[in-house]
Amino acid sequence: MPPKAKITKEMIIEEAFQIAREQGADKITARSISQQLSCSTQPVLYYFSSVEDIKKAVCQKADEYHTNYLTRLDPASDSPMLDIGINYIRFAIEEKNLFRFLFQSNEFSGAAMSDLIDAEELSPILLVLQQTLNISRGEAKEIFSTLFIFVHGYASLFANNSMVYDEELLKTTLTKVFYGIVHTIKEDPNEKNL
C-alpha cells in the first residue's frame, strides 16, 4: 500500500482559494476542502482552528492575486492608471467570486476610506500615479480615492450582473473622469471655492 500524501497548510489554502474562486467563499468548509484534497477533515483542522482562519488566509492569497492582476501592465502603455482601472474592472468580470469575496463581504466593516488608501498594498499603485503625473503622494491619494469610487462602481455592476462589456466606451469614460479629477486637483486652490 503506497503511503498517503502529506497534506500541507499551503495545499489547504490553495484548495480553499480555488473553492472561493470557482464557487464563492461561502462554500469554503473543512469538508469541502477535504473532499477536494481526498482526505479527512483532520489535516484541515490540524492547521486551522476554524473556517474563519482559513478564510483569512484565503483572503490574503486573493488580495495578492488581485494586486498581481492589477499591475500586469503593458510597458509600452502611455496611461498606466487607465490600465490599472481597466484591469480592476476586468478582474470583477473574470473573477466575480473573488471580487465579491474581497470587496463585498463586509471585510472593511468599521474601516474608513482613508484606511484603504493608506494601506501598504496600495503603495505601488500610488507610486505609479505620482511618477506618471509628477505629483505629491497626497495628491496621488486624492486622485486615486476619487477614481477608485468610480471604477469600483463599474466593477461592482459587472461582478453582480450579466452586463455587456464595452471596453472602448469604458476607456473613453475612464479617461474623461481621470483627467477631470487631475485637472481639479491641479487647478488653483482659490478657484475651488464656489
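Just so it is clear, none of the values below were taken in a lab; they were calculated from the coordinates. Being a predicted model, the structure only gives us computed values, none of them experimental. Backbone-built Cβ (ideal geometry, glycine too); neighbour counts: all protein chains shown.
Tabulated data for the structure shown
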read-out	value
Relative packing of peptides 111-119, 53-61 - highest average C-beta neighbours within 10 Å first	53-61, 111-119
Solvent-free Debye scattering, log10 I(q)/I(0), computed from the Cα coordinates of region 1-61 at q = 0.22 Å⁻¹	-0.78
32 Å Cα-Cα threshold exceeded, pairs from K56/K141; K6/K56; K27/K176; K56/K171	K27/K176; K56/K171
Residue-wise HN-Hα coupling along region 88-94, computed from phi with Karplus coefficients 6.51, -1.76, 1.60 (Hz; x: Gly, Pro)	4, 5, 4, 4, 5, 7, 7
Estimated vicinal HN-Hα couplings, Hz - region 127-142 in sequence order (Karplus 6.51, -1.76, 1.60; Gly, Pro = x)	5, 4, 5, 4, 6, 5, 9, 6, 10, 6, 4, x, 5, 4, 5, 5
Amide H partners (placed H, <5 Å) of F48, local residues excluded	none
Eligible aspartates and glutamates near K9 by straight Cα distance, threshold 14 Å, same-chain separation 8 or greater	D53
Packing rank of 87-98, 38-49, 163-174, where each peptide gets the mean count of other beta carbons within 10 Å, highest leading	87-98, 38-49, 163-174
Listed peptides 25-31, 121-127 by packing density, highest first (mean Cβ within 10 Å)	25-31, 121-127
